[in-house]
Protein chains: 4
Amino acid sequence: MKQVTAVKIGDMKAMNPKKRGRVEVTDVPVKAVGDDEIKIKVAYCSICESDLQAVDGTFGWEAPFGLGHELSGLIVEVGKTAAKHGWKVGDRVGGNSRNYCGKCYYCINGREQYCQNAIEEPGMAEYIVWNERQPVKIPKDVSLKNACLIEPVSIAVRVLDKTYIKIGQNVVVSGAEPIGLLCLQLINLYGAANLTMLESNPLRHALARKYGARHILNPEKDDVELWADKITDRRGFDVCIEASGVPSSAETILNISAKCAHLVYAAQYPRDYYLPLNIHDQLHMKELDITGTFVSPYAFTRTAQIIGRLDLDDMTDVVFPIDQAAEAFEAHLSGKHPKVLIHCNPDLE
Amino acid sequence: MKQVTAVKIGDMKAMNPKKRGRVEVTDVPVKAVGDDEIKIKVAYCSICESDLQAVDGTFGWEAPFGLGHELSGLIVEVGKTAAKHGWKVGDRVGGNSRNYCGKCYYCINGREQYCQNAIEEPGMAEYIVWNERQPVKIPKDVSLKNACLIEPVSIAVRVLDKTYIKIGQNVVVSGAEPIGLLCLQLINLYGAANLTMLESNPLRHALARKYGARHILNPEKDDVELWADKITDRRGFDVCIEASGVPSSAETILNISAKCAHLVYAAQYPRDYYLPLNIHDQLHMKELDITGTFVSPYAFTRTAQIIGRLDLDDMTDVVFPIDQAAEAFEAHLSGKHPKVLIHCNPDLE
Amino acid sequence: MKQVTAVKIGDMKAMNPKKRGRVEVTDVPVKAVGDDEIKIKVAYCSICESDLQAVDGTFGWEAPFGLGHELSGLIVEVGKTAAKHGWKVGDRVGGNSRNYCGKCYYCINGREQYCQNAIEEPGMAEYIVWNERQPVKIPKDVSLKNACLIEPVSIAVRVLDKTYIKIGQNVVVSGAEPIGLLCLQLINLYGAANLTMLESNPLRHALARKYGARHILNPEKDDVELWADKITDRRGFDVCIEASGVPSSAETILNISAKCAHLVYAAQYPRDYYLPLNIHDQLHMKELDITGTFVSPYAFTRTAQIIGRLDLDDMTDVVFPIDQAAEAFEAHLSGKHPKVLIHCNPDLE
Amino acid sequence: MKQVTAVKIGDMKAMNPKKRGRVEVTDVPVKAVGDDEIKIKVAYCSICESDLQAVDGTFGWEAPFGLGHELSGLIVEVGKTAAKHGWKVGDRVGGNSRNYCGKCYYCINGREQYCQNAIEEPGMAEYIVWNERQPVKIPKDVSLKNACLIEPVSIAVRVLDKTYIKIGQNVVVSGAEPIGLLCLQLINLYGAANLTMLESNPLRHALARKYGARHILNPEKDDVELWADKITDRRGFDVCIEASGVPSSAETILNISAKCAHLVYAAQYPRDYYLPLNIHDQLHMKELDITGTFVSPYAFTRTAQIIGRLDLDDMTDVVFPIDQAAEAFEAHLSGKHPKVLIHCNPDLE
């Protein structure tokens, strides 16, 4: 079958073609389906920034390896046990790209995200075999195209779980990248008041407005602290979601947060970046509660239940057939589109 | 000043006029404004079912006494300390009808709702004097008419606080009375999936639909348990809000709740009613979490911040001038309107 | 190998021998050890009230079947994967008698206790084969004899998880049966103030005192509500654990609970028993939070970490060799001992 | 009356006497008792590090001003309202030195610690007048001498509130200063397993051991990370309390914390100190939850209820009469004693 494969490690933006990473469609065998597994004919798989990180060597993997973890599709084969538990050929599914063992210290203690034996198969391919614990059914009113975002939506669901928001609290989301935009939409449905977006790219402002932002501030132009004071009546934001991964924004949300605010760092930051955290000012005088998230434990059922309420069409309108995967990655690298999708089986809509 | 006053204790629906309770507009003095107080010229005050309970003697009060606790208005006088803390003549305010002492066991332990020295002045009057801790400013985009619902909205905010909902959970609200309708709107903005309303009065169904219900079940006609199974894929509702006060509904939500569901009993039930709770089935085999609410502690700032997102026009379109307060109560008793408002100072819009 | 087996269904206390249930030691084959499994040579297995329920037919099982789920022992064989994950022959272990699938709706949503495919092997036998997710290592300072209580201690750990106690709150535990006694010891180490035990059997009072009860009330003799008022300065208990399973006690704790108290029903109640719960008095006027527990999800690591701080010798001093299993059940039925242990391999100490 | 007064601003450790701060006993009038107030004849008042900060100018106060907020004593006069609410002459009390207004934004939102109108009277004096919301009764089995620690114990209670510990989790406390020692004792009663103390001063180790530490590490000599791995089976501590205020320790607890651990910074840190927090390593790969505390909101009732379970004699055995207040401060500055007490009315025991 066809698979989008990292064939050479390297920064895909590198000017020097010798140092540049490369992605190609290669032919690989389909895995056999075990008793507790299902085979999915993949409809769409969207590109995630972490696919780029895999290619540029951040995770230390050796090429060649398959890419992709944000997918939707149809079940085409069902193992014996999986069938007994209700999975059927023809079910439309998305889900959790990570298969957790259910047996290690973290799994038996309710922290599956840190499973010591997690396995992930590549989803940018014609077919993928998953354990029966991974798929969730796509609601009837959600298209296969939008459903490939179940995985990124689950990331946002997890971020929201960790905000511990109470209805009516003031919320700011920093960064209108895909996770930030999904967080924005979701928190708009999850109790936010005076919902504010920080984003320096004006091209993203219209989408932010459409997705629920009442106020949009440009950290490169606006006096963010002044406006935050105005929006929140000098009290600051009770919930702050940092989804840009930009160090200066990581610091900004400290200064616009309310006393006792919850801050969630939801992006990837440079590995050598240290946030300078003034304990006296932020933890003592304000009692901030600061945390982060890693993937999306215990979130997929709820994601499938809420995804139908989201407006995802603007995030899934750039699509390339699998044979043009390289072009899809170029489109992603252009930074023009919130998301770029690969149509892994063009006969599936 | 004019005040809507209970002048005779008794059921206002009683057929026998001798036993019937009576409400009249009487003339009473305005209270003086203390240092830490403000005086409000009341715009609107809506009728609450508990005003009827006050008249029929449920609370054991002796007539005559003033009524009303759901109000909006303009500040017309400000005490010295209140002024120092920022309150100004002309501020548009609604708020907490209950003034808590801040000093008793419950106040110093974060449970102000059970304050041992709470005081409540009547709000169905031309003027009311409040402690500076009671008012909240009405947001610019909210009319004085809608703002008299700040108090009932705060009740719903408190109900939601106690649901401990996680985004994407399945939710049912039972009862389309005012608190149920407000809970419905708010929980639709607070993470609900597959939002379902139980209501036997078909006249309320359109409003429920408008306020966010995806499914509406009539407990007198529909097989509620069957439909709940269908809506929730046989898992039950993760959050159940009972806002009808009807004993049979109190029992119904036990049977349509999911394992580990949170149930909040948010209505007034007959004082001699005992819910038959099967501990084995509901607490052991399902680990339900069952609670209730009493008024709305620590909820008013957030209420003011979220009220602008609610659609309240259908709940505030029946208005009587204060001189027709008796007619207003009759309109309320007709059961035709979700809310009936009294315009306490017809010059205020 | 030898196994303690229910060979006839029936109440073991029945006077009529024809209707009486019967337990015998039978010879059964040892299971083979799979890749992700380990074989334990069982040291001790204690009798639980639910073993009696299995025999009397409460669970609807057909005889013959093996009994026992509270066990400790030594690992004597390790499957390939289990070995890779660190399990070794000679490890001293207790643990979770229930093997969860890790794949069903409840497992992937953090509610493993309701796993739809849970499996339990009998532990009152010379050997038992467990999945590698089930065992936890016994701390060095805990004997094999005391370690068979890891499972019942985990039940109490779970009860405590659901109390949401804050340090310094007033606590009452109702019922000095094994789970009540373990809850008492644990809550004494988990923030309790004015720790009070309700128990009508005076023979259990000394143990309750030893395990941390500051006050002991006899519901058959003492005016419990009067004393509760005195102990808590008329505020009631903030945390109430009902571990007796006695209907009258189920009702008593409602009346001695504080406003906003957490009540956990932690025992088995008759399946046809309905607690009469006055919603107005208990949920509205007091905002009680009422829940129950089912087995002990996500609790075993913490159980192993805390068990060394408990005083268990008085609960493990009645021991019968496996060949005298019938006598062990008789001793249990006498009601004289908090726990009766079966020594499954008398060469293991 | 006599009052311990800061008469000159400056570092009390300064070598140059001209720059040195100074504390003296001065004569000041006793305040009159308002309706909702009580007057306390102070028995003991202990010295807190923040008294030194007041003297050295950290808070920007202008001399002269009275010191002290950790006190116990007898009520000698009761205002009318306070009497109505149950306070009596002769009541033994300690309590909250801060009087909150109950009316500002923070008070009405359940965050009284940030009250915008908090008032604090000096407690190192023969008498102090408090609002009736401040005192709590001292339990019968607690001496006046130990009861002056109610305030610092409340600080530790608040720290524990923010650990969100689950019973059986691994806990480390860093710093055996008074708050660290009290946290150690309390967390030992609040679910801790493998309780570990980090302290570089070997003179404090015996007390740490006595107060419940199972393991004591010296960060100046021991390889703390290696030992933490050993104690926690390479998983790290689930709860980390930093009570030393030392920057290097602030960083150490990041590296010995478990995935998903709760870290509470409970000390005063230099105002210009920034903790270098690696978001990728600590918030993303570990999902740490980091917070701090400010004073002790909603904690005094529970403090009074739990204080009788603490062993405080070693922390209250260094006592100076009020006339030797200067010597008391010198003793405190010597660093030899966990606490130094001033006996404000030597006739009260």
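The values are calculated or read from the model by the stated rules, or taken from the named source; none is laboratory data. Not measured: the values here are computed from a predicted model. Methodologically, a virtual Cβ is constructed for each residue, glycine included, from the backbone with ideal geometry; neighbour enumeration extends over all protein chains shown.
Could you list, in sequence order, the residues of segment A:298-320 that are part of a loop (DSSP other than H, G, I, E, B) and not aromatic (Phe, Trp, Tyr)?
Selection gives A:299, A:310, A:311, A:312, A:316, A:317, A:318.
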Problem set entry | Filter result for the condition that a residue is of a type in the set (Asp, Glu), at pLDDT 95 or above and buried (at least 24 other Cβ atoms within 10 Å of the Cβ), over C:37, C:151, C:126 | C:151
Seminar exercise, completed: Checked segment C:62-84 for anything surrounded by fewer than 18 Cβ atoms within 10 Å (Cβ to Cβ) and under 23 Å from residue C:298 (Cβ atoms); matches are C:81
For this session: Restricting attention to segment C:321-334, report how many residues are outside any loop (DSSP other than H, G, I, E, B), surrounded by fewer than 20 Cβ atoms within 10 Å (Cβ to Cβ) and not aliphatic (A, V, I, L, M).
Result: 5
For this session: Take residue A:273 and decide whether it is more than 30 Å from residue A:142 (Cα to Cα), buried (at least 22 other Cβ atoms within 10 Å of the Cβ) and facing chain D (nearest Cβ under 7 Å).
Result: no
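Residues in segment B:148-174 that are under 13 Å from the mean Cα position of the chain (by Cα) and either more than 11 Å from chain A (Cβ to nearest Cβ) or assigned to a loop (DSSP other than H, G, I, E, B) (or both): how many? Talk me through it step by step, then tell me what you get.
Initial filter on segment B:148-174 (under 13 Å from the mean Cα position of the chain (by Cα)): B:148-160.
Applying the additional criterion that residues be either more than 11 Å from chain A (Cβ to nearest Cβ) or assigned to a loop (DSSP other than H, G, I, E, B) (or both) yields B:148-152, B:155.
Here the count works out to 6.
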Problem set entry | Of all residues in segment B:214-249 being in contact with a strand residue (DSSP E or B) (Cβ under 8 Å, 6 or more places away or on another chain) and in a helix (DSSP H, G or I), the one that is surrounded by the fewest Cβ atoms within 10 Å (Cβ to Cβ) | B:247
Exercise. Does residue C:14 meet the test of being over 26 Å from residue C:314 (Cβ atoms), in contact with a strand residue (DSSP E or B) (Cβ under 7 Å, 6 or more places away or on another chain) and among the aliphatic types (A, V, I, L, M)?
Worked result: no
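Could you tell me whether any residue of segment B:195-204 is over 22 Å from residue B:218 (Cβ atoms) and surrounded by fewer than 24 Cβ atoms within 10 Å (Cβ to Cβ)?
So in segment B:195-204, the residues over 22 Å from residue B:218 (Cβ atoms) come out as none.
No - not one qualifying residue is present in segment B:195-204.
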Exercise. Can you tell me which of B:261, B:208, B:193, B:228 is aliphatic (A, V, I, L, M) and within 13 Å of chain C (Cβ to nearest Cβ)?
Worked result: B:261
Exercise. What is the number of the single condition among (1) in contact with a helix residue (DSSP H, G or I) (Cβ under 6 Å, 6 or more places away or on another chain); (2) buried (at least 22 other Cβ atoms within 10 Å of the Cβ); (3) among the polar types (S, T, N, Q) that residue D:257 does not meet?
Worked result: (1)
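Within segment B:175-190, can you find the residues that are within 10 Å of chain A (Cβ to nearest Cβ) and either polar (S, T, N, Q) or in a helix (DSSP H, G or I) (or both)? Can you show your working first?
Initial filter on segment B:175-190 (within 10 Å of chain A (Cβ to nearest Cβ)): B:186-190.
Those that are within 10 Å of chain A (Cβ to nearest Cβ) and either polar (S, T, N, Q) or in a helix (DSSP H, G or I) (or both): B:186, B:187, B:188.
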For this session: Consider only pairs whose beta carbons are under 6 Å apart and that are at least six residues apart or on different chains; among these, list those whose first residue lies in segment D:130-152 and is under 16 Å from residue D:301 (Cβ atoms) and whose second residue is of a type in the set (Gly, Ala, Ser) and assigned to a strand (DSSP E or B).
Result: D:134/D:95; D:135/D:95; D:136/D:95; D:138/D:94; D:147/D:72; D:147/D:94; D:150/D:94
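Being of a type in the set (Val, Ile, Thr), assigned to a helix (DSSP H, G or I) and within 8 Å of chain B (Cβ to nearest Cβ), is that true of even one residue in segment C:278-295?
Initial filter on segment C:278-295 (of a type in the set (Val, Ile, Thr)): C:279, C:290-291, C:293, C:295.
After this cut, where a residue has to be assigned to a helix (DSSP H, G or I) as well, the list is C:279.
Checking the rest, the ones that are also within 8 Å of chain B (Cβ to nearest Cβ) come to C:279.
Checked against the condition, which is being of a type in the set (Val, Ile, Thr), assigned to a helix (DSSP H, G or I) and within 8 Å of chain B (Cβ to nearest Cβ), segment C:278-295 yields at least one hit.
With the requirement that a residue be assigned to a helix (DSSP H, G or I) and more than 10 Å from chain D (Cβ to nearest Cβ), what does segment B:93-115 give you?
In the first step, residues of segment B:93-115 are kept if they are assigned to a helix (DSSP H, G or I); the result is B:107-109, B:112-114.
Selection gives B:113, B:114.
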Exercise. Just wondering, is there one or more residues in segment A:47-57 that are touching a residue at least 60 places away in the same chain (Cβ under 8 Å), outside any helix (DSSP H, G or I) and either over 25 Å from residue D:286 (Cα atoms) or under 20 Å from the mean Cα position of the chain (by Cα) (or both)?
Worked result: yes
Problem set entry | Residues within segment B:204-252 that are in contact (Cβ under 8 Å) with a residue 60 or more places away in the chain, within 26 Å of residue B:269 (Cα to Cα) and under 21 Å from the mean Cα position of the chain (by Cα), tallied | 12
For this session: Scan C:253, C:241, C:187, C:216 and give me the residue that is aliphatic (A, V, I, L, M) and in contact with a His (Cβ under 8 Å, 6 or more places away or on another chain).
Result: C:216
Exercise. Mind checking whether some residue in segment D:299-311 is buried (at least 24 other Cβ atoms within 10 Å of the Cβ) and within 14 Å of chain A (Cβ to nearest Cβ)?
Worked result: yes
Exercise. Taking the condition on the phi > 0 side of the Ramachandran plot and facing another protein chain (nearest Cβ under 8 Å), does residue B:90 pass?
Worked result: no
Seminar exercise, completed: Per the filter on segment A:1-24, residues part of a strand (DSSP E or B), of a type in the set (Val, Ile, Thr) and buried (at least 18 other Cβ atoms within 10 Å of the Cβ) are A:4, A:5, A:23
Exercise. If residue C:252 satisfies every condition in (1) away from chain B (no Cβ under 12 Å); (2) buried (at least 24 other Cβ atoms within 10 Å of the Cβ) but one, which is the exception?
Worked result: (2)
Exercise. When residue B:12 is evaluated against the numbered criteria (1) at pLDDT 95 or above; (2) under 22 Å from the mean Cα position of the chain (by Cα); (3) more than 10 Å from residue B:126 (Cα to Cα), which criterion, by number, is the only one it fails?
Worked result: (1)
For this session: Can you give me the number of residues within segment C:136-147 that are touching a Lys or Arg at 6+ places or on another chain (Cβ under 9 Å) and either away from chain D (no Cβ under 14 Å) or not in a loop (DSSP other than H, G, I, E, B) (or both)?
Result: 3
For this session: Name, by its number, the condition in (1) part of a loop (DSSP other than H, G, I, E, B); (2) closer than 25 Å to residue D:283 by Cβ that does not hold for residue A:133.
Result: (2)
For this session: Kindly provide the set of residues from segment C:319-340 that are under 17 Å from the mean Cα position of the chain (by Cα) and without any contact (Cβ under 8 Å) to a residue 60 or more places away in the chain, ordered by number.
Result: C:335, C:337
